[in-house]
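Bear in mind that the values in this text are calculations on the coordinates, not laboratory data. Just so it is clear, the model here is predicted, and its values are computed rather than measured. Glycine gets a Cβ as well: all are built from the backbone with ideal geometry, and neighbour counts include every protein chain shown.
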Amino acid sequence: SLYPSLEDLKVDKVMK
Amino acid sequence: KFTDLFEKMVPMAVQQSMSTYNQRKADTVNRLVGTMREATNLCNGVLASLNLPAALEDLSGDSIPQSIADKARAIVQQGGLQSIEQLIRDLPELLTRNREILDESLKMLDDEESTDSELRSKFNQRWNRTPSGDLYKPLRAEGGNFRSVLDKAVQADQVVRERYNTHCEMIALLCKPEAELSAALPSANPAKTLQGSEVVSVLRSQLSKLEEVKKEREGLEAEIKAVTFDMSTCFLTALAQDGAINEEALSVSQLDQLYGSYTQRVQASLRAQEGLLGNVQASHQEFSSLKQSNSEANDREEVLKKLASAHDSYVEITSNLKEGTKFYNDLTEILLKFQNKCSDIVFARKTERDELLKELQQS
């Protein structure tokens with residue numbers, strides 16, 4: 001696909 | 001009527017394994033669907049370059065070949081040039097909206113950090129809380145990821161614009177009413193002698209088989225996208241039994257079970273296309289050697305080829321623009337969440353700062 005994937009940006013990193 | 005709010009809660013290890021599994025699954029689906037689309041684009045490109053099927057329909061040499069008329073109608077029904085021009089016009093605004101949310105979020109962090117540093121320099125070691133800069137590193141790293149993703153999107157926008165500029169003239173011609181389209185087609189003397197010849201019917205049957213191969217891919221794509229499987233039970237069991245989750249092994253074997261047959265069917269579809277295209281190219285050589293090629297026929301053929309590939313580009317540009325619009329809208333939601341995280345932590349830091357300030361002024 002032309003546009004970057006957002007998959008890994010969707011992962012909500014737990015704020016320590 | 002009690003519904004357990006914590007029903008979906010899973011241990012952290014399962015949560016992370018699920019998200020990695022989903023990433024692997026998305027990659028698998030994108031690979032399979034992308035491979036088929038690429039093959040279809042290749043097939044359309046080869047046929048367009050051979051002016052097929054138009055050349056078979058164009059034996060009269062003056063009216064618009066059926067396939068070109070169908071392609072023109074398809075584009076007009078999808079909104080023609082105006083619909084892609086509107087989508088292209090909307091892109092910059094979508095981009096700016098995303099950039100503004102990102103910039104505002106990072107500015108909040110910068111502003112709070114500068115106040116924190118000022119107070120640290122004023123109160124020196126009595127300002128004993130963790131420096132904001134250290135606390136904001138992960139958020140700023142995340143912000144950096146968003147920035148690079150946005151930069152890549154800008155490049156993608158540019159590719160789509162260039163594709164549009166290359167083909168908009170021919171697309172515009174396709175969108176014109178039949179009379180104008182027909183007038184724009186250089187006429188050529190009729191190649192009636194070929195009407196009944198054997199090679200024409202051979203080519204027609206090869207082309208219809210190719211259409212079938214392409215048609216099957218639509219169903220295959222839908223099936224692939226419809227596959228769902230809940231991995232959480234599998235991960236929970238593994239965690240319970242072994243105290244740890246070998247996510248890669250579990251995911252890869254499960255994905256293989258789910259998509260292995262589809263991978264084979266996609267490969268078979270590619271092989272079928274390759275064989276058929278080979279036959280088409282051989283038959284086309286025979287067909288064009290029979291056809292008396294002269295300058296008018298060649299001019300006509302060139303325009304027909306351009307019209308056919310203009311249709312294919314229209315389809316591609318439309319899908320690129322839909323993908324781009326979806327990308328920006330999805331990203332906006334993610335960025336709004338990011339903005340909330342930034343404003344939450346800055347709010348907490350401000351509250352903490354005011355309390356510390358009060359203590360220092362009293363003591």
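Mean residue ellipticity at 222 nm from the helices of chain B, using -39,500 (n - 2.57) per DSSP H segment of n ≥ 4 over the full residue count, to the nearest 500 deg cm²/dmol?
When only DSSP H runs of four or more count, the value is -29500 deg cm²/dmol.
Need one number: the % of Cα-Cα pairs in chain B sitting beyond the 38 Å mark. All intermediate terms of the calculation are to be shown ahead of the outcome.
Working: 29272 of 65703 pairs.
Tail fraction, whole percent: 45.
Could you please state, rounded to a whole Å, how far the C-alpha centre of region B:22-97 is from the C-alpha centre of region B:219-243?
34
What is chain B's relative contact order, in percent, from Cα pairs under 8 angstrom and six or more apart in sequence? Intermediate results must be reported in sequence, preceding the final value.
On the way: 256 pairs, mean separation 145.3, N = 363.
After rounding, I find 40 percent.
Quick one: net charge of B:His167's neighbours, Cβ under 14 Å, K/R +1, D/E -1?
0
Consider a paramagnetic label point 7 Å from the Cα of B:Asn128 along Cα→Cβ; state which residues of region B:330-363 have an amide N under 20 Å from it.
Under cut-off, by backbone N: B:349-363.
Taking the radius of gyration and the Kirkwood hydrodynamic radius from Cα positions alone, what is the Rg/Rh ratio for region B:139-209, to two decimal places?
Numbers: Rg = 23.7 Å, Rh = 17.5 Å.
Ratio of gyration radius to Kirkwood radius: 1.35.
Could you line up B:Arg31, B:Arg217 from fewest to most neighbouring Cβ atoms inside 10 Å?
If I rank by nearby Cβ atoms, fewest first, I get B:Arg31, B:Arg217.
Of B:Arg120, B:Arg89, how do they rank once you tally other Cβ atoms within 10 Å and put the fewest first?
Ordered by Cβ neighbours within 10 Å, fewest first: B:Arg89, B:Arg120.
For a bin width of 20 Å, list the pair-distance distribution of the protein assembly as shown built from all Cα-Cα distances, rounded to whole %.
Answer for the protein assembly as shown: a P(r) of 20, 40, 26, 11, 2, 0 percent.
What do you get for Rg/Rh over region B:220-267 if you use C-alpha atoms and the Kirkwood form of Rh?
Rounded to two decimals, Rg/Rh equals 1.09.
Let me know the volume per residue of the alpha-carbon convex hull for region B:6-49, in Å³.
59
Take the alpha carbon gyration tensor of region B:154-259, find the square roots of its eigenvalues, order them as a ≥ b ≥ c, and report rounded if a/c is under 1.5; if not, report prolate when a/b exceeds b/c, else oblate.
The shape class here is oblate.
Go through B:Lys152/B:Lys225; B:Lys209/B:Lys326; B:Lys326/B:Lys350; B:Lys122/B:Lys337 and tell me which ones have a Cα-Cα distance over 29 Å in this structure.
Long pairs (Cα-Cα over 29 Å): B:Lys209/B:Lys326; B:Lys326/B:Lys350; B:Lys122/B:Lys337.
Could you please rank B:Lys25, B:Lys337, B:Lys8, placing first whichever residue has the fewest other Cβ atoms within 10 Å of its Cβ?
Final ranking by Cβ density, sparse to dense: B:Lys8, B:Lys337, B:Lys25.
Measure out, as a whole number of angstrom, how far apart the alpha-carbon centroids of region B:110-134 and region B:245-298 sit.
Rounded to whole Å, the Cα centres lie 62 Å apart.
By its C-alpha gyration tensor, with a ≥ b ≥ c as the square roots of the eigenvalues, how is region B:261-330 shaped: rounded for a/c under 1.5, else prolate for a/b larger than b/c, else oblate?
oblate
Taking the simple approach of a point 7 Å from Cα along Cα-to-Cβ for both B:Val227 and A:Ser1, what is their distance in nm?
That separation, rounded to one decimal, is 1.7 nm.
For region B:206-293, divide the Cα radius of gyration by the Kirkwood radius and give the resulting Rg/Rh value with two decimals.
1.32
Just tell me which lysines come within less than 26 Å, Cα to Cα, of B:Lys176; anything on the same chain fewer than 8 places away is out.
B:Lys71, B:Lys305, B:Lys306, B:Lys322
Using a 7 Å offset from Cα along Cα-Cβ at A:Lys10, what residues in region B:26-43 end up with backbone N under 16 Å from the label point?
Zone members listed by number: B:26-31.
Relative contact order for region B:1-150 using alpha-carbon pairs under 8 Å, separation at least 6, rounded to a whole percent?
Relative contact order of region B:1-150: 13 percent.
DSSP loop (so not H, G, I, E, B), at most 16 other Cβ within 10 Å: list which GluC sites (Glu not before Pro) in region B:1-78 pass both filters.
Numbers: sites: B:Glu7, B:Glu38, B:Glu57; in loops: B:Glu7.
Hits after loop and neighbour filter: B:Glu7.
What fraction, in whole percent, of alpha-carbon pairs in region B:1-152 exceed 22 Å separation?
Values: 8566 of 11476 pairs.
Within region B:1-152, distances greater than 22 Å cover 75 percent of Cα pairs.
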